[in-house]
Amino acid sequence: MECGLIGVQGSGKTTLFQALTSHAVEVQVGSMKPNLGIADIPDPRLQRLAVHIPPDKIVPATLQVVDIPGVPDGGGATALNAVLSSIRTVDAVCQVVRCWDDVGLGPADPVSDIAALEMELVLADLVVAEGGADKAKRAARSGDRDAKQRLEVLEKSCALLGEETPLRQGTWDDAELALLKSYGMITAKPIMYVANVGEDGVTSETEAAKAVAEAAASRGGVSVSLCATIESEIAELDEADRGDMLESMGISEPALGAFARAANDLLGLTTFYTAGEKEVRAWVITQGATAPEAAGAIHSDIQRGFIRAECYHVDDLDELKSEKAIKEAGRLRSEGKGYTMQDGDVVHYLFNV
Ligand SMILES: Nc1nc2c(ncn2[C@@H]2O[C@H](COP(=O)(O)OP(=O)(O)OP(=O)(O)O)[C@@H](O)[C@H]2O)c(=O)[nH]1
Ligand SMILES: [Mg+2]
């Protein structure tokens, strides 16, 4: 599952990408190729677990991010199509919106940046929907049964997009959503927004960041406010220097954690944990996954030989301090095959292969 960073040129996508990936990826400057990377998801719950079950190491969950370049002014159809085809392949998109006034780029105008990109993407989807509908019409006439369903979905898409409405605002069942995905419809993908504020915007909410939050809310989405340059600097520091930097900036936690957790949620993912002396570890699974499916994230053998999952919640450990106390309090649950994993579960698997 991949989250794509999109936005106007110079809005800070690559800077955010470098912060997320702790500068581990050599980025291509000025290239129209996207940068691919894997970000560790900062997660305070891991630290909370490690307090009560001190491990040799802590392993965070990860998030796959794709940094997609903005379309350059005068780049023409080739550049636009390269960018659009990169966006078509990701599972969710995050628009990075410039919220600082820039000497070269001018004052921040988040409302217009969001509306303009949305319109660009609506038009791109409309082209795909119209082309697809023509094809489906011909196929339906020559007796292709599936083509009828495709045609219905594409015609409904054309109607929505023609009214400048992103497809995610339509009502679709699972089969229809899968079809939209197979056509690479960008406006059907879940979206979130990053208000990328200047250095002075991290301690108090600026007008521009507020405008992004409002634009996100009016579209039923979420927004996260951060300063990509500061996050990028923090990511370059050792653990020890990080605290000092945060304190001097007047912030308590890097904003990357909030960003990564929101992105995970957008992708329809959730987190569970395993905890022992060797390691305390976060695992990412699809929301609604059953206990055996979640076990498969760890190892296929555990899924295959699944017997039971002994679970409790991270909050139980905070309250009762040890697994022994959790068991004595009757809060250690024994869950079977049909159990749907809950966000924040800590699990011991019993299995037999
Ligand atoms: N003041 C300020 N400058 C920033 C911030 N984020 C990025 N910048 C600066 O903005 C410029 C462009 O940032 P990039 O991260 O390269 O922007 P981009 O979105 O990747 O741009 P393209 O790839 O060309 O679409 C760089 O000089 C950054 O240092 C920020 O939060 N605050
Ligand atoms: Mg870039």
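The values are calculated or read from the model by the stated rules, or taken from the named source; none is laboratory data. All values derive from a computational prediction rather than experimental measurement. Backbone-built Cβ (ideal geometry, glycine too); neighbour counts: all protein chains shown. When the accessible area is computed, the model is the full protein with side chains, heavy atoms only, and any ligands, DNA or RNA have been set aside. Shrake-Rupley method; radii C 1.70, N 1.55, O 1.52, S 1.80 Å.
Worth a mention:
- Helical content alone sets the calculated 222 nm signal of the chain at -14000 deg cm²/dmol, taking -39,500 (n - 2.57) per DSSP H segment of four or more residues and averaging over every residue.
- Taking 12 Å as the straight-line reach from the Cα of K33, the aspartates and glutamates in range (excluding those fewer than 8 positions away in the same chain) are D67.
- GNM flexibility winner over the chain from D200, D125, D73 (Cα, springs under 10 Å): D73
- Most positive-pole-ward Cα, V66, S142, L117, against dipole of the chain from beta carbon charges: S142
- Solvent-accessible surface (1.4 angstrom probe) belonging to T171, in square angstrom, nearest 10: 120
- Across V27, V212, V103, mean-square fluctuation computed from a Gaussian network of the chain (C-alpha pairs under 10 Å connected) peaks at V103.
- Heavy atoms of S85: accessible area, 1.4 Å probe, square angstrom to 10: 60
- Summarising the strand pairing of the chain, around 55 percent of its internal DSSP beta bridges are antiparallel.
- Among the trypsin sites (Lys or Arg not before Pro) in region 216-304, those located in a DSSP loop and surrounded by at most 13 other Cβ atoms within 10 Å of their own Cβ are K278.
- Accessible surface of H313, taken over heavy atoms with a 1.4 Å probe and every protein chain present, rounds to 50 Å².
- Comparing D40, D113, D301 in a Gaussian network model of the chain (Cα springs below 10 Å), the most mobile by mean-square fluctuation is D301.
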